[in-house]
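Enquirer: Before anything else, here's the structure in question.
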Amino acid sequence: MVNLKDYAPFTGLLVFGNIENLILASQGAVARVDPFVLCTLSVILVIIWLLLGTYGTKVAIKYADYIEIIGGLAIIILGLQSMLEAMKII
């Protein structure tokens with residue numbers, strides 16, 4: 001049985017990862033990517049991350065602090081990059 005307390009150290013990444021997903025989806029919409037392709041790829045990647053997160057948590061729990069810092073930094077960098085590219089198009 002899954003214990004939600006195991007996922008508590010990764011809560012920040014879950015929240016900001018979803019925000020990043022929205023940013024990347026809007027970037028795809030601005031770039032006029034086919035919405036069905038964008039939706040299909042997003043769903044596939046969400047399922048992959050769900051599986052990795054579900055089964056990788058037990059292994060990664062001892063590295064949660066490092067993962068949180070690196071993941072947060074990656075989310076900030078990707079968010080800034082997508083905003084800058086969107087500003088060029090607008």
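Enquirer: Going 7 Å from the Cα of Leu78 in the Cα-to-Cβ direction, what parts of the range 42-60 have a backbone nitrogen less than 11 Å from that spot?
Expert: Only 45-46, 49 pass the distance filter.
Enquirer: Stretch Leu38-Lys58 to full length: gain in nm at 0.36 nm per residue minus the Cα-Cα span?
Expert: 4.1 nm
Enquirer: Still on this structure, I have one more. For the range 22-90, which whole percent of the accessible surface, found with a 1.4 angstrom probe, sits on carbon and sulfur atoms?
Expert: On the way: 4430 of 5640 Å².
Carbon and sulfur: 78 percent of the exposed surface of the range 22-90.
Enquirer: A further question on this structure: Convert each backbone phi in the range 71-84 into a coupling constant with the Karplus relation 6.51 cos²θ - 1.76 cosθ + 1.60 (shift: θ = phi - 60°), then list the ³J(HN,Hα) values in order as whole Hz, x for Gly and Pro.
Expert: x, x, 5, 4, 5, 5, 5, 5, x, 4, 4, 5, 5, 5
Enquirer: Output ³J(HN,Hα) for the range 30-38: one whole-Hz value per residue in order, computed from phi by the Karplus curve 6.51 cos²θ - 1.76 cosθ + 1.60 with θ = phi - 60°, and x for Gly and Pro.
Expert: Couplings: 5, 7, 6, 6, 4, x, 5, 5, 4 Hz.
Enquirer: Rolling a 1.4 angstrom probe over the protein heavy atoms, how many square angstrom per residue are accessible across the range 15-90?
Expert: Result: 81 Å² of accessible area for each residue.
The values are calculated or read from the model by the stated rules, or taken from the named source; none is laboratory data. As the structure is a computational prediction, the values presented were derived from the model and not from experiment. Neighbour counts are summed over all protein chains in view; Cβ atoms, including those assigned to glycine, are modelled from backbone coordinates with ideal geometry. Surface accessibility is based on the protein's heavy atoms, side chains included, excluding ligands, DNA and RNA. Shrake-Rupley method; radii C 1.70, N 1.55, O 1.52, S 1.80 Å.
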